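Undergrad: Have a look at this one.
The values are calculated or read from the model by the stated rules, or taken from the named source; none is laboratory data. Computed from a prediction, not measured in an experiment: that's the story for all the values here. Cβ atoms come from the backbone with ideal geometry, glycine included; neighbour counts cover every protein chain shown.
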Amino acid sequence: MTTRPILAAELAAAWADIQQHHVELPDLAAPESLIGETVSVCGPGPSFERLLHEAVHGIAAARGIRDTSRAGRYHNRRFLAVAYELGLNHPAEAHASTGFSLVRMRPDTQRLYSPTVARLQSALDAYLGAREARNLFLGPAARFGASGGGMRVKAVCGCGRNLRVVPSILAKAPILCGRCGEPFLTPTPAEKLEHSRP
């Protein structure tokens with residue numbers, strides 16, 4: 001069994017753990033779709049926070065709550081209210097362009113989900129290790145593309161600044177904004193879907 005299905009299974013199990021505490025949360029249809037998002041942020045906290053963030057959108061949708069505007073980019077106070085129910089806080093006032101998007105786990109939430117975070121981190125470590133080993137075996141062209149530049153993704157910080165970066169760089173350690181101090185993160189799958197609609 002390869003590490004990708006193992007990581008997808010752990011994402012599905014982590015989602016099921018969230019459902020145990022929040023029965024309104026719909027089932028996760030395609031856990032593999034979250035792998036790109038999960039490995040593009042650093043460490044167990046951010047990856048599980050990303051999953052909780054998506055769960056907020058899932059519960060809001062189940063309740064018929066419109067929790068975003070501006071093509072899904074601005075996360076409003078209704079999003080924040082549901083996020084609080086799931087153990088997430090926003091440390092400051094709303095950002096002008098993203099609202100309350102960058103929510104963080106509270107200490108009690110970290111304690112509640114610590115076994116889940118540990119399992120998810122173990123699967124993530126195995127996935128990243130296998131991917132790195134594969135890239136080392138295939139050589140520089142496979143790691144960085146024929147031109148050596150690599151495919152870059154857009155990452156956004158808390159104050160709305162953005163940069164383009166190779167996903168493996170974000171997976172190694174957070175890149176912090178010099179202005180707001182928040183990490184640069186890639187958009188969620190829901191945000192990407194909203195941006196792709198005409």
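Residues are listed down the side, and each one gets a yes or a no for (1) of a type in the set (Asp, Glu); (2) at pLDDT below 95; (3) not in a loop (DSSP other than H, G, I, E, B):
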position: Pro5; (1), (2), (3): no, yes, yes
position: Gln19; (1), (2), (3): no, no, yes
position: Pro26; (1), (2), (3): no, yes, no
position: Ala29; (1), (2), (3): no, yes, no
position: Pro46; (1), (2), (3): no, yes, yes
position: Ala61; (1), (2), (3): no, yes, yes
position: Ala83; (1), (2), (3): no, no, yes
position: Pro91; (1), (2), (3): no, yes, no
position: Ser101; (1), (2), (3): no, yes, no
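Undergrad: Let me ask you something else. Please list, ordered by first then second residue, the pairs with beta carbon atoms under 7 Å, 6 or more apart or interchain, first in region 46-72 and farther than 19 Å from Leu185 by Cα, second outside any helix (DSSP H, G or I) and of a type in the set (A, V, I, L, M, F, W, C).
TA: Listed pairs, sorted by first residue: Gly58/Leu25; Ile59/Leu25.
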